[in-house]
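Notes follow once the structure below has been shown.
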Amino acid sequence: MLKRISPSQVEMGMFVQKLEGSWLKHPFWKTKFVLDDEETLQDLRDADIEAVVIDISKGRDVLVRRGDLPVARPAPPARQQAERRRFVPPSSPVQFDYRSTTPQSTAREFGHATRIAERGRKVVSKVFLEMRLGKSIRADTVEPVIEDIFASVQRNPHAFNGLMRCKQDNEYLYRHALACSALMVSLGRALKLSPGEIREAGLAGLMFDVGVNLLPVDLADYGSDHRRLPPDVLAQHTELGANFLAASGMAEATVAVARHHHERNDGSGYPQRLIGGDIPLLCRMAAVCDAYDELASYMPGAQPVDPGAVLQAMSEQRRRFDPVVFAAFVQCIGTFPIGTFVELKSQRLAMVIDQDPADYTKPKVRTFFSLATGETVRSEDIDLANCYGADEIVGLADLSRFEAEEVMELRTQMMAKLARGK
């Protein structure tokens, strides 16, 4: 049974079901947990939240005192009997809790991530449209998007970003915002930032390119892809975005990332050519996430893009990025990120479909093509970390024999099958 109490009433041993109020005002990502240590208890009592909902069937109850917030009462006996008689079909689907952080397999989380990305796209597209109409951005409008993305990354650290590698829609700016938010959350976890800092990182990733909407151009003339804009025009988006976010009342950290996510560790970036430690940490993180997603996102009419090849190219230019941040980034997405096409010792081509957290150089792959015969082959899933050397990656796949559209379609189809458990 659930009870709604004030933060001052919480005690050790209670099961917290929900925290009422904006997540920007409290330090907790998870809202379902047992209070089992004094530090967490004190944080909860001090948090700027309206109320706490506890489940007394899973933890300690609270004594009702005068002045307490309204408490949920048991249903009258007649109502309880009626509810017991109510027929619920055995096949009724169980609604998935998108804020749950219970670990999920990569395949299962792909399905959840697909729905989260669609919900997030609708929110972000609406926010960007309102920006172009002169309306400011409210933090609470995008809070649910960050919560969904964070929960997805908690359930499986690779699925959401893997999904972004097979998207080929015409709404690049929205997809880029979602992908960078997820990458920032993943990177924040790899760097062992605090929950509050990870929250800031996710919000900053979602917002740092908002200035593109304010550029004095019609993006439709460039296929709605800001990467096609003239460099001198595109460079204006950092100041435009930072000023807009500041005027909207966004946190200083979010404003700073909008202004400095194109700074580079060696001083070659813009707008201020900052160097190394002069660049705030979240901005150094955003520099890596932004560059990776831009390079790994397919542009119609261009050559095929491969996440592994992008990571390799960035590694060759790693002096431009903070070395600690870049190393953590490689750790969180893998040496061969999901969606990477590789060549195997068995003379087959395969796509990376999952990671082994104990060894990111030996992911799980799915074969699709034989170099020996020049023909497609029956798919086989190989866990390279546990195949005892029967097969291994010898390098990135040479995709020159395929058209770019074929590569993207192949990746999309294989991801879709994986999400369906096939």
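Laboratory data are not the source of any read-out in this text; all were calculated from the coordinates shown. Just so you know, these numbers come straight off a predicted model, no measurement behind them. FYI the Cβ positions are ideal-geometry reconstructions off the backbone, even for glycines, and counts take in every protein chain you see.
Each Cα pair under 8 Å and six or more residues apart adds its separation to the average, and for the range 106-333 the resulting relative contact order is 19 percent. Over all projection directions, the Cα-based convex hull of the range 106-333 averages an area of 11.3 nm². Computed from point charges on the beta carbon alone (+1 for Lys and Arg, -1 for Asp and Glu), the dipole magnitude for the chain about its Cα centre is near 1580 Debye. With a ≥ b ≥ c the root eigenvalues of the C-alpha gyration tensor of the range 349-392, is it rounded (a/c under 1.5), prolate (a/b larger than b/c) or oblate? Taking the square roots of the gyration eigenvalues as a ≥ b ≥ c, the range 349-392 is prolate.
Between 0 and 90 degrees, the angle of helix 195-207 with respect to the longest Cα principal axis of the chain falls at about 50 degrees. Based on the convex hull around the alpha carbon atoms, the chain presents an average projected area of 25.1 nm². Overall dimensions of the range 234-326, expressed as equivalent-ellipsoid semi-axes from the Cα gyration tensor (√(5λ), whole Å, largest first), are 24, 17, 11.
Quick one: length gained pulling Lys192 to Ser315 fully straight, 0.36 nm per residue minus the C-alpha distance?
The span from Lys192 to Ser315 would gain 42.1 nm if fully extended.
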